[in-house]
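What follows is a set of notes on a single structure, which appears directly below.
The values are calculated or read from the model by the stated rules, or taken from the named source; none is laboratory data. All values reported here derive from a predicted model rather than from experimental measurement. Cβ placement follows ideal geometry from the backbone for every residue including glycine, while neighbour counts extend to all protein chains displayed. Only protein heavy atoms, including side chains, enter the accessible area calculation; ligands, DNA and RNA are left aside. Shrake-Rupley method; radii C 1.70, N 1.55, O 1.52, S 1.80 Å.
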Amino acid sequence: MKNETKENIYNRNNLLEKIRDKNCVWDVLVIGGGATGLGVALDAASRGYKTLLLEQSDFAKGTSSRSTKLVHGGVRYLAQGNIKLVLEALYERGLMMKNAPHLVNPLPFIIPSYRWWEKFFYGFGLKIYDWMAGKLRVGSTRLLNKDTVTKEMGNLKYNKLNGGVAYYDGQFDDARLAINLAQTSIENGGVLLNYVKVSKLLKDHEGKITGVEATDCESGELFKVNARTVINATGVFVDDILKLDDPHANALVKVSQGIHLVVERSFLKGDSALMIPATSDGRVLFAVPWHDHLLVGTTDTPLDRHQLEPKALTQEVEFILDTLKEYLDKAPTREDVLSVFAGLRPLVLPEDKEKGTKEISRDHKLKKSKSGLITITGGKWTTYRRMAEDTVDMAIKTATMEYRLCVTKNLKIHGFQKEKNTDTMQLYGSDAGRILELENKMPELKKKLHPDFPYTMANVVWAVRYEMARTIDDVLARRLRILFLDAKAAVEMAPMVASIMAKELVKDKEWEKAQTLQFLKLSKNYMLNPSINNSAEKIDQPVSNY
């Protein structure tokens, strides 16, 4: 791997070639390419273990791209008395800011107070929150008077407002961090593949797991892969893998859905996020500035099913819009929603099955089956690194491998850069300069994808060559985030993105057309009032000279 150039270490064909070697035995094989699986792969690879990760779809396709974009200790968990989880998360928040400063930043939050006691009650609790963060504190809680709250956060309802509390937490781009974790893992010798689905667990005559059977979802090629340990890090799909291991296995997780709405930034002026600590369903609700838009969420709806593309329920949308009406002078309506996305949380089932999903702990759970299968589930984005460390430690014991120290506390994530770029290129950190170099070498790539967004054709080329994007959805949903910000704009970009990707991936016009149609269908899940506006008719029209 050290002898390979940066131009080919992420190349899919090169990575596939490494799992065709039937004599190869991997130390750690991870199933699942969300935050947890990627964290495990990075931990194992950076310790020097021979590491392979297989993901059935794209990296962070599910839950890990659909969060509230917060890196936080969890104010709500503090109120629940889960001190251990809050302390752990605050520590990990500090490490994320240190190791990925291009993606993780401090963000001020304001809790408005409409009853005389609220700002003192929340202010006291948040002072404890500050204290618990210790040296990794990112800002100091302060009480605000009515005029200061109004000045710092326009559009709040003024009547009965008596002030508020300002505190600090962290914000990040979840899918972008996931891609950077995958890149960092590969740079440390790991092999990570999206669109490779595990369909069977291989076992020896004693019933111990010796590897997996997996299929390349693009070509249909079947692989039999040997491994000393297999780790199930599939989020809401962990029970599916547990059933492959033991058809009679009990369910380990309960699925809960949360949705987010994205509206124009003008609905909440200022640089601070709004935190509503007690909604009618008992959850905390956030309105967070994100990529020059406003992201609002989340809900908590128990579900009995799981899927890769969950859909927002009407009652969830109405709950968020109704809650905002209580706090904003001018609140958004359904017509103002630019994008809506749903995500599923894998919550570890408690012994008390009657507990609501809001009360289920966000602690992670490690389980080792009789076969040796290791399952990691629960937790949250902020604690992904700690979850990975615990998981790899268990894998070492399970396979009786030589113990090597975890190094991720001080490991810089791909793109690491303390200096801030322009808003457009901040997501890329140290890669920003290389994208500009690409534009300078190929001036035709400077063409913008859409008048309302800063990204150019070069961003698409970069996503394919260096970020392992394979579909329009990969690019517009998780590499550039457009589908999550403005679904209609994403639809308008789709034909151009398909054309660029087809050339990069050496695909024909039929692939290009099929990809575009598939994306147009997918995009309807992100619109409250879907109307494609004859975009399908434009598929065969030339979109660029590239």
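If you take semi-axes √(5λ) of the Cα gyration tensor in Å from the coordinates, which of [x] 36, 30, 22; [y] 53, 34, 22; [z] 47, 36, 25 do you get?
[x]
Under a cut-off of 19 Å between alpha-carbon atoms, report the aspartates and glutamates in cross-link reach of residue 22, not counting same-chain residues fewer than 8 places apart.
Excluding near neighbours in sequence, the set is 204, 213, 216, 221.
Summarise the accessible area of the stretch 204-266 (1.4 Å probe, protein heavy atoms) by the percent that is carbon and sulfur.
Numbers: 1310 of 2650 Å².
Percent of accessible area from carbon and sulfur atoms in the stretch 204-266: 50.
In whole Å, what are the Cα extents of the stretch 214-297 along the three principal axes, biggest one first?
So the extents along the principal axes, rounded to whole Å, are 55, 33, 21.
Describe numerically, in nm with one decimal, the distance between label points set 7 Å from Cα along Cα→Cβ at residue 145 and at residue 434.
Result: 5.3 nm between the two label points.
Can you give the accessible area of residue 24 in Å² (nearest 10), computed on protein heavy atoms with a 1.4 Å probe?
20
Restricting to the chain, compute how many DSSP beta bridges are antiparallel as a %, nearest 5. It would help to have the intermediate numbers written out before the result.
Details: 59 of 77 bridges.
DSSP beta bridges in the chain are roughly 75 percent antiparallel.
Looking at the stretch 205-303, which GluC sites (Glu not before Pro) are DSSP coil and have at most 13 other C-beta atoms within 10 Å of their C-beta? The partial results should precede the final answer.
Values: sites: 206, 213, 218, 221, 264; in loops: 206, 218, 221.
Filter output for the stretch 205-303: 206, 221.
Which translational diffusion coefficient, to the nearest whole µm²/s, is obtained for the stretch 119-165 from the Stokes-Einstein equation, given a Kirkwood hydrodynamic radius over C-alpha pairs, 4 °C and 1.567 mPa s?
Working: Rh = 11.7 Å.
Rounded, D is 111 µm²/s.
Which percent of the accessible heavy-atom area of the stretch 279-327 goes to carbon and sulfur, probe 1.4 angstrom? Don't jump to the answer; show the numbers that get you there.
On the way: 990 of 2060 Å².
With neighbouring chains kept in place, the figure for the stretch 279-327 is 48 percent.
With only alpha-carbon atoms in the gyration tensor, what are the semi-axes of the equivalent ellipsoid for the stretch 15-151, in Å, largest first?
Working: eigenvalues 344, 47, 34 Å².
Semi-axis lengths for the stretch 15-151 are 41, 15, 13 Å.
Is it possible to state the helix-based mean residue ellipticity at 222 nm for the chain, with each DSSP H run of 4+ residues giving -39500 (n - 2.57), the sum divided by total residues, to the nearest 500 deg cm²/dmol? What is it?
Details: 15 runs with 172 residues, N = 546.
About -9500 deg cm²/dmol.
Assign unit charges at the C-beta atoms only (+1 for Lys and Arg, -1 for Asp and Glu), then state the dipole size of the stretch 426-521 relative to its Cα centre in Debye, rounded to the nearest 20. Spell out each step's value before the answer.
Values: 16 positive and 14 negative charges, 10 e Å.
Here the stretch 426-521 has a charge dipole of around 60 debye.
Defining a contact as two alpha carbons under 8 Å apart and six or more residues distant in sequence, what relative contact order in percent does the chain show? Could the numbers behind the result be given before it?
On the way: 1098 pairs, mean separation 100.0, N = 546.
Once normalised by length, the contact order is 18 percent.
Between their Cα atoms, which of 447/521; 447/507; 418/441; 200/243; 446/503; 69/151 are more than 19 Å away from each other?
On the way: 447/521 26 Å; 447/507 22 Å; 418/441 27 Å; 200/243 10 Å; 446/503 17 Å; 69/151 25 Å.
Those over the limit are 447/521; 447/507; 418/441; 69/151.
In percent, what relative contact order does the stretch 458-533 have, based on Cα pairs under 8 Å that are 6 or more apart in sequence? Walk me through the intermediate numbers first.
Working: 69 pairs, mean separation 23.9, N = 76.
Worked out over the stretch 458-533, it gives 31 percent.
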